[in-house]
Amino acid sequence: MSTVSEAGVVSAVNKELFIGGKWAPAAGSATFDVHDPATGEVLCAVADASPQDGLAALEAATAAQADWAAFAPRERGEILRRAYEKLMARQEELGLLMTLEMGKPLAEAKGEIAYAAEFFRWFAEEAVRIDGGYAVAPNGSGRFLVTNQPVGPCLLITPWNFPMAMGTRKIGPAVAAGCTMVIKPAAQTPLSMLALAGILAEAGLPDGVLNVVTTTQAGGVMEPMIRDGRARKLSFTGSTGVGRTLLEQCAGTVMRTSMELGGNAPFVVFEDADLDAAVEGAMQAKMRNIGEACTAANRFYVHSSVADEFSRKLTERMQGLPIGRGTEDGVVVGPLIDSAAIEKVSSLVGDAAQRGATVLTGGATVDGPGNFYQPTVLKGVPREARMSTEEIFGPVAPISTFETEDEALAVANDTEYGLVGYIYTENLSRALRVSERLETGMVGLNQGVVSNPAAPFGGVKQSGLGREGGTVGIDEFLETKYIAVGGL
Ligand code: NAP
């Protein structure tokens, strides 16, 4: 059990909109309820922004842009560094808050606070490394000056599955680059972002640089801001379907975009793999965040000669996992986010079973309140099963077999998604060959977790555009300007 109280962490959060450095109710004082997915109970109500509130937030971001861009890079970095320290100092309470609104076990929630804070530490360091160039023109008579400037006011949209880290992954580089922003967290998990806004204000972020709108009308509030013309960048993390809609809207003002979208990660185990390491990696790649991660292993392809042993070992590990409310000691499998998620996972498992897959463990919901689904392993999952092409977003591991490396690559790449793929092999040549041929933005090579603030995170194909984190993460928030210098 935690040493901080549940009621205490919820009541400590300001539940209003954060616009221009001030907390204010939504127009008409509208609110909506936030629920605990483990119990279905209401945790609290937060402000429900209208389209007018959204435009007021954009106005505040636009008004603050010029002064903020002129801030010393070192000072922008110091604000992020102070916010990093504050996040870590409050890791316990912020972790509990996240568990309450999202459901993930407390240990994972605290892990996410550390991961989220690390983006601030990383981009605190990057803020002072924005460089430029000076060059002699090829004809020798002119000079090229190249500088990098903030793109301008940004619109940021984040999902519910990593309520803090998906925010800091965007806010960190935006602050470092000198951009102002309006951020809209997911309606199911607004509390972490509201808490973060308070922390950034305490860390000295000037009024108007970060504005937070919580709303149940995601499209109704965001579309007028996108079409308005004053925002110059949209950074979105969420589903591929919503990403496509936003790209169409952004075309109207030719707005720059970063898109971190859905995944359908293959997890390939070759006959020469260290099987125990592969099972360990599989548990991480599948069960981190209760399987509700864009990076979650969605399809396991195992060489036929080791498939039985891998399936048995994975089943043993999955069977023993404690299920329950994320606040309880020892719980590893928390609830899914809502009843729609339960219905989706149940329907995908039912479809696979109907098409001939065998359920080795799990395969059902858990009786009682909350949105719980049993850790599940399926073998003999055919290519036609819906879960081969759709994100499962739950604790379900479908296993299929393959015979050759080419076959493994063909099935692994047979998807519209291209976020991450996992490979387990002890053969170096094969490891590098398959890594290069996987159509993904990231590869976990004998490793079940790839996320790291110091590394470039992102996908190819319909998993997205652009990268977050690493040395390239700040580039998404900078425009290159070239000044042609004559008269020399
Ligand atoms: P989602 O339904 O696409 O929602 C994501 C965000 O977009 C939420 O804040 C949502 O608001 C908002 N939104 C929904 N419709 C919108 C619209 N028409 N206009 C503007 N904003 C809109 O996705 P989700 O179910 O929350 O998140 C899961 C998805 O995110 C999965 O596909 C997962 O793979 C992906 N994801 C990707 C990454 C990555 O880095 N590639 C990381 C994490 C998650 P409301 O919640 O208020 O509706």
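General observations
- Average accessible surface area per residue within segment 434-488, 1.4 Å rolling probe, Å²: 48 Å²
- Relative contact order %, segment 107-251, counting alpha carbon pairs below 8 Å whose residues are six or more apart: 25 percent
- Globularity index of segment 279-368 is 1.13 (Cα radius of gyration / 2.2 N^0.38 Å, N = number of residues).
- Largest-first principal axis extents, alpha carbons of segment 347-416, Å: 46, 24, 18
- Helix-only mean residue ellipticity at 222 nm for the chain, each DSSP H run of n ≥ 4 adding -39500 (n - 2.57), per residue, nearest 500: -12000 deg cm²/dmol
- Across the options ILE113, GLY40, ALA410, the greatest Cα extent toward the positive end of the charge dipole of the chain (unit charges at beta carbon of Lys, Arg, Asp, Glu) belongs to ILE113.
- Stretchable slack from ARG437 to ALA7, in nm (0.36 nm times residue separation minus alpha-carbon distance): 149.8 nm
- Solvent-accessible area per residue for segment 69-128 (1.4 angstrom probe, square angstrom): 34 Å²
- Dimensionless Rg over Rh [segment 68-203; C-alpha; Kirkwood]: 1.12
- Chain lengthening between ASN14 and ALA455 when straightened (0.36 nm per residue, less Cα-Cα): 155.5 nm
- Mean Cβ count within 10 Å, highest first, over the residues of peptides 153-161, 327-335, 468-476, 176-184: 176-184, 153-161, 468-476, 327-335
- Just the protein heavy atoms count here, and of the accessible area of the chain at 1.4 Å, carbon and sulfur take up 51 percent.
- Cut-off 9 Å between beta-carbons: net charge of the residues surrounding CYS179, Lys and Arg +1, Asp and Glu -1: +2
- Measuring between their Cα centroids, segment 77-142 and segment 144-185 lie 11 Å from each other.
- Computed on the chain, with alpha-carbon pairs under 8 angstrom and 6+ residues apart, the relative contact order is 18 percent.
- With N as its number of residues, the chain has a Cα radius of gyration that, divided by 2.2 N^0.38 Å, comes to 1.00.
- Between segment 265-318 and segment 19-55, the C-alpha centres lie 40 angstrom from each other.
- Note on ASP228 and ASP338: the model spin-label points, each 7 Å out from Cα along the C-beta direction, lie 2.6 nm apart.
- Residue pairs, from the table LYS313/LYS344; LYS170/LYS481; LYS22/LYS170; LYS15/LYS170; LYS104/LYS233; LYS110/LYS286, whose Cα atoms sit over 28 Å apart: LYS104/LYS233
- Convex hull volume of the C-alpha atoms in segment 384-488, normalised per residue: 176 Å³.
- Added length on full extension, which subtracts the Cα-Cα distance from 0.36 nm per residue, VAL366 to LEU428: 18.1 nm
The values are calculated or read from the model by the stated rules, or taken from the named source; none is laboratory data. Model, not experiment: these values are computed from the prediction. Every residue, glycine as well, gets a Cβ built from its backbone with ideal geometry; the counts of neighbours run over all protein chains shown. These accessible areas exclude ligands, DNA and RNA; they are computed on the full protein's heavy atoms, side chains included. Shrake-Rupley method; radii C 1.70, N 1.55, O 1.52, S 1.80 Å.
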